[in-house]
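Here is the structure we will look at, set down as structure tokens.
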Amino acid sequence: MKEQKKKKRRKSYRKPVKWPFLLLMMTVFQIICALQIHMNGTQEKTTTLVVVFAVYITVEWVYFLVCGGFLHRKSFEIELIAFFLTGIGLTLTTSVYPDKAYTQLAAVMLGILVFSVMLWILGDINRVTKLRMPVAILAVLALAVTLVIGTDINGAKNWIILGDGVLSIQTSELVKVAFVFVGAATLEYLQSTRSLTKYILFAGVCIGCLFLMRDFGTALIFFFTFIVMAFLRSGDIKTLFLICATAVLGGAGVLTFKPHVAKRFETYRHVWENATGSGYQQVQLLIYSVSGGLFGLGIGNGKLRYVYAATEDLAFGMVCEEFGIIIAMTVLLTFVSLVVYSIRYARAARSSFYSIAALAASSLLLFQAALHVFGVTDLLPWTGVTLPFISRGGSSMMCCWGLAAFIKAIDVHTYKRYDKIGQS
Amino acid sequence: MKTLSRRAWLLYIPAVAFLAGLCILFYTFYTNADNWSMRKANRHLYTSGTLIAAGNITDETGAILAKTADGKRQYNESRSIRTATLHVVGDAQGFIATGVQTSYKDELTGYTFANGIYDIKKYGKGNDLQLAVNAELCAEAYKALGNNKGTVGVMNYRTGQLVCVTSKPAYDIQNRPSQDIANDKTGEYEGVYLNRFFSGVYTPGSTFKVITSASAIDNIADIDTQKLKCTGAHTIDGGSVKCLGKHGTLGFERALNVSCNSFFAQVALQLGTEKLTATTDALGFNQNFTVGKIRLAKSTFDLSAASKLDLGWAGIGQYTTLVNPCHMLMIVGAIANGGTSVQPYLVKSITNQTGKTVLEAKTEAGLQMFSASTAKKLQELLRSNVENYYGDSKFRKLEMCGKTGTAEVSTDEGGDKPHAWFVGFSQRKDLPYAIVVVVENGGGGSSVAIPVANKTMQKVAELYGK
Amino acid sequence: MDAFLTQFDYLVRYVLTAFAVFILLRCVFSLFRLRPRREVMATLTNLADDSEIEIENWETSIGRSRSCDIALRKYNTVSRFHAVLALRKEGWFIFDTESKTGVYVNGEQIRRSQQIADGDTIAFGNAVMKFHSNGYGVDSENTEGGEVTDFTNAARLVNLADNSAFYLRTSCLIGRGRHCNICLPMRGIEDEHAEIYMSRDGWMVADLHTQSGTYLNGELVFGAYALYDGDIISVGEYSFMFRE
């Protein structure tokens, strides 16, 4: 009796979610969103609306049918979360910036493409090992190029704009994926080259470039990710403590000797006093977030959408006002679950490369979400980073999906071939 | 890999920290929601700084005092009613802090944390709010104040319904003379944003003798038979408490009738600091009262540093004592109601957008201020004041009880005129109303305040009498 | 239609919230609960004292340091970080991670990495281990395109001596011969000793006319017996538990 019970518990405890039902619900959710946009008339071109949502829903179904039906993958939580959050972002963009709906759709498709390609690349550990060095060089080059020819938007010189604004790339976003890719390594590599010097050098150059671009938010994210990865690689708390202390001192030094940097953070905890000046966006976000209530006002009924950069820097507020605080909080909870999942699976990954990469990727997403949400609500200084998956933007969309691939790759069952090693 | 997974455990720290952050964030949202959503920058509720999403405000009879129409806040058609109810209704910009449009902002817009401002968007307006006041009565009382500043309040002492609250100076809300107010040098608009009834405090003057009497009835056994001598002033420790006339030897009732300062200064000395303070404490001095969501200014009575002379002055309502008119009305109401005060209310009911009543004012007993016997005795004394001294002709057919007050605010000769007070109530069974009148720098209580009280009470009788 | 629209508008916010919360929380809780299976993928037998070390990870570090997965603390000829044992697509590999004394597979020093097979002897300094792959790491190119097997419920024989599991496919020979699926090089066991196979009635065990015999739950097997979950099959000194 007892044994039976134990067996039953064990069985239910390992079962991943059934995707067809959840995907159906998600489709209904997105159709309702589209209907609401149509009814509120925020997207005037019905064709655009229909095309965007039809294409997106089709892509979802194709992906799941291929992976679930043809490739026999079993767990789909990560993709479900990624698709759901991307759907929310797409809904907001379609509604708030009707002209940019197609661009965002293209970005989402690119993101999913990046995800698939990354999964394929990560499939072979030998390929990954060979690619690490070229990726590292490319990443540094990309940042260096941005530093030289980059364009200054909102005080951070982190955009490369090609062909008169036809194509604009935020290299720092793309480098995030490379940063994780380079930082992770197999156990055999870690044990043969036990010093962190090379990695510290690489990270230092990346973070330095970002600092020079004045993209402090991204620099902070990189630094946090670096600490996580360096700790996972070496377990050397003393060195890391030293690095942190140096960074804090350096940061304090920058703030004292470069007052214009400190000025960017002067509204911290004082947004209400600067409600019409530098704290304007945050004040608007706070007002409209609570105006939405727990259930939101419905898509298109909000007022935050008229504030500058509503779906990028203020994405959290948009979700709060139009989708409601409950959904916003649940969305944030998913980032925690990704980290927990990575921690749980770290032991069973095919190589320490996958463990480190997934842990770093998930904590990067968590940290970025934290900086976004707590920054914009004035609990932390505001750095203007985007909310993963939801904020509008092609580069960030590709980055998020690329990072999701790392988390996905930690599970052996993602790759059918390895699932079957062990049969004799 | 085992080592690595053990290291990975450390990442639970940021995960938990993030969760804690979410809790803090939710808590901040929850606690600040009312405050933030009601900010003027919220364009769901405000258009160029004016609250437009609020529901209707009506008076007791259902007459519209304020409503939202065509995206604008509109008020009663009658200019005199708009002016007289200005301080009760308040303004949409929030200048008048105790107006219901400001203090009941949440209720008027119908904002809730769960629903946000969704219902306001859906129905195009907020909750409707019915006030307890009668607009016509307010207008009458406002008119009765004439050219003086001051306040009039009338309360049903059985139910606590505030049927009249008016404060002067006021302005017509439809066209606020903002220039005049800003450049005011004559003092015409002094404290115009202040509702004197809720937020003003005044020296009580002779009206305080009612309280001294209450203390005397409770604490001095032979007060009824005591005869004291008035020589025009009573000397204490070198100083003296002056009286308006030489009343000669007189008893308790007569002393209250003629409002003899010497008599009550001596009574106060007999009572002593402790007993007088105990009585005022029981009446709620130095306490915070609220009328619904509106906070009253605190009445103060403090004898901790008082000399004997000061005690004498305090006994006749001078010294440092300050009384809030609404609090005074509660005290008088308690006397009329047999000792127990009732909680006054200004908002009669709140109806939400779907027509459901979400708040209904109920009669709530307040402090037990006097014992029943003391209240009975005070009723007789106050009735005697009107019957034997002011004259029933001053209050035709009203069976009024009351006490006037002339509160000296300036010690210099030729300084500001004293505040004129009247507190009282009607003993008619069909007219359970208590009244307080304060006329700032109006002069003598009986000459200035009584006519105002009479006019107001006559209107009350006309409206509610049978 | 208008009534529908107003109802839709009113209900939609609750519906959307309910859907979103359901979908996301379902995924979140699933991610919170999912745990990888713990499988013994291989074993290392220390030849000095016959103690067994179970390998449960795809990569395992070996060395004298405390932070190694297999900490050989008593052997001073083992480097602090000596070697890594890893399961790759092609099979099991041993990597020498710049150790001082080197890694030897079947007596030969390896350069940097070498693929190892079941039964190989690996020496780290003076620590000598015998490697048993537990069915993992066998190249399975030929099974490409087959159904994915869920191991938790697959039929298998569990060696009671070391708890290693052997997964059953269609039939399985037990004996001393090298061609047998389960090879038991011991005296008293014949070349082909017993067979376990799938029949219409489920899994069966058959004794292949041996002298010492095959025992099922302590009873001598005559011909073929049906197997049930938890049965114990004894062949010579070995005992296996059948799990289904």
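The values are calculated or read from the model by the stated rules, or taken from the named source; none is laboratory data. Everything numeric in this text was worked out from a predicted model, so none of it was measured. Please note: Cβ atoms are built from the backbone with ideal geometry, for glycine as well, and neighbour counts cover all protein chains shown.
A few comments on the model shown:
- The condition of being of a type in the set (Asp, Glu) and under 27 Å from the mean Cα position of the chain (by Cα) does not hold for B:Asp70.
- Filter result for the condition that a residue is of a type in the set (Lys, Arg), outside any loop (DSSP other than H, G, I, E, B) and surrounded by fewer than 21 Cβ atoms within 10 Å (Cβ to Cβ), over C:Arg80, C:Arg73, C:Arg38, C:Arg26: C:Arg26
- B:Thr207 being surrounded by fewer than 21 Cβ atoms within 10 Å (Cβ to Cβ), in contact with a strand residue (DSSP E or B) (Cβ under 9 Å, 6 or more places away or on another chain) and at pLDDT 85 or above: no
- Residue match in region A:264-271 (condition: within 9 Å of another protein chain (Cβ to nearest Cβ) and out of contact with any helix residue (DSSP H, G or I) (no Cβ under 6 Å at 6 or more places or on another chain)): no
- Yes/no for C:Gln115 being at pLDDT below 90, more than 7 Å from chain A (Cβ to nearest Cβ) and more than 19 Å from A:Ser352 (Cβ to Cβ): no
- Of the set (1) part of a loop (DSSP other than H, G, I, E, B); (2) more than 12 Å from chain B (Cβ to nearest Cβ), all apply to A:His260 but (1).
- Search result, residues across region C:59-70 that are among the basic types (Lys, Arg) and surrounded by fewer than 21 Cβ atoms within 10 Å (Cβ to Cβ): C:Arg66
- The single condition from (1) part of a loop (DSSP other than H, G, I, E, B); (2) in contact with a Lys or Arg (Cβ under 6 Å, 6 or more places away or on another chain); (3) of a type in the set (Ser, Thr, Tyr) that B:Thr225 fails is (2).
- Residue among B:Lys40, B:Lys67 that alone is away from chain C (no Cβ under 14 Å), of a type in the set (Lys, Arg) and assigned to a strand (DSSP E or B): B:Lys67
Here is a yes/no grid of residues against (1) modelled with pLDDT of 90 or more; (2) surrounded by fewer than 19 Cβ atoms within 10 Å (Cβ to Cβ); (3) not polar (S, T, N, Q):
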| site | (1), (2), (3) |
| --- | --- |
| B:Ile13 | yes, yes, yes |
| B:Leu25 | yes, no, yes |
| B:Asn35 | no, yes, no |
| B:Arg43 | no, yes, yes |
| B:Leu51 | no, no, yes |
| B:Thr68 | no, no, no |
| B:Tyr75 | yes, no, yes |
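- Verdict on A:Leu92 being out of contact with any Phe, Trp or Tyr (no Cβ under 6 Å at 6 or more places or on another chain) and in contact (Cβ under 8 Å) with a residue 24 or more places away in the chain: yes
- Inside region B:186-207, residues that are touching a residue at least 12 places away in the same chain (Cβ under 8 Å) and either under 22 Å from B:Leu381 (Cβ atoms) or in a loop (DSSP other than H, G, I, E, B) (or both) make up a count of 15.
- The number of residues in region B:221-237 that are within 12 Å of B:Leu271 (Cα to Cα) and in contact with a Phe, Trp or Tyr (Cβ under 9 Å, 6 or more places away or on another chain) comes to 1.
- Residue in region C:151-161 that is in contact (Cβ under 8 Å) with a residue 40 or more places away in the chain, polar (S, T, N, Q), outside any strand (DSSP E or B) and crowded, with 19+ Cβ neighbours inside 10 Å present: no
- One residue stands out among those in region A:170-207 that are β-branched (Val, Ile, Thr), more than 14 Å from chain C (Cβ to nearest Cβ) and over 15 Å from the mean Cα position of the chain (by Cα): the one that is surrounded by the most Cβ atoms within 10 Å (Cβ to Cβ), which is A:Val182.
- Taken together, the residues in region C:130-163 that are modelled with pLDDT of 65 or more and out of contact with any Leu (no Cβ under 9 Å at 6 or more places or on another chain) amount to 8.
- Residues located in region B:383-441, provided they are buried (at least 23 other Cβ atoms within 10 Å of the Cβ) and small (Gly, Ala, Ser): B:Gly402, B:Gly405, B:Ala407, B:Ala420, B:Gly424, B:Ser426, B:Ala434
- Whichever residue in region B:100-126 is β-branched (Val, Ile, Thr) and outside any loop (DSSP other than H, G, I, E, B) and, among such residues, is nearest to the other protein chains (Cβ to nearest Cβ): B:Thr112
- Those residues of region B:141-156 which are crowded, with 24+ Cβ neighbours inside 10 Å and closer than 17 Å to B:Arg79 by Cβ, in sequence order: B:Ala141, B:Tyr142, B:Leu145
- Test: residue in region A:63-78 that is in contact with a Ser or Thr (Cβ under 7 Å, 6 or more places away or on another chain) and modelled with pLDDT of 95 or more: no
- Residue in region A:320-333 that is over 23 Å from A:Lys157 (Cβ atoms), within 14 Å of chain C (Cβ to nearest Cβ), of a type in the set (Ser, Thr, Tyr) and touching a Lys or Arg at 6+ places or on another chain (Cβ under 9 Å) present: no
- B:Ala97 vs. criteria part of a loop (DSSP other than H, G, I, E, B), crowded, with 24+ Cβ neighbours inside 10 Å, of a type in the set (A, V, I, L, M) and at pLDDT below 90: no
- Within region A:21-35, considering residues that are touching a residue at least 12 places away in the same chain (Cβ under 8 Å) and more than 7 Å from chain C (Cβ to nearest Cβ), the one nearest to A:Glu79 (Cα to Cα): A:Leu23
- Taken residue by residue, region B:161-174 has no member that is in a helix (DSSP H, G or I), polar (S, T, N, Q) and crowded, with 24+ Cβ neighbours inside 10 Å.
- Close pairs from region B:34-46: first touching a residue at least 24 places away in the same chain (Cβ under 8 Å), partner acidic (Asp, Glu) and surrounded by fewer than 17 Cβ atoms within 10 Å (Cβ to Cβ), Cβ under 8 Å, at least 6 apart: none
- Annotation note: of C:Val84, C:Val128, the sole residue that is under 24 Å from A:Ser342 (Cα atoms) and not aromatic (Phe, Trp, Tyr) is C:Val84.
- Within region B:12-37, the set of residues being touching a Leu at 6+ places or on another chain (Cβ under 9 Å) and more than 14 Å from chain C (Cβ to nearest Cβ) comprises B:Pro14, B:Gly21, B:Ile24, B:Leu25, B:Thr28, B:Phe29, B:Asn32, B:Trp36, B:Ser37.
- Residue count for region B:253-293, restricted to those that are surrounded by fewer than 23 Cβ atoms within 10 Å (Cβ to Cβ) and aromatic (Phe, Trp, Tyr): 2
- Restricting the search to strands (runs of 3 or more DSSP E) fully inside region C:173-244 and requiring at least 1 residues that are farther than 23 Å from C:Asp162 by Cα gives C:194-199, C:202-207, C:224-226.
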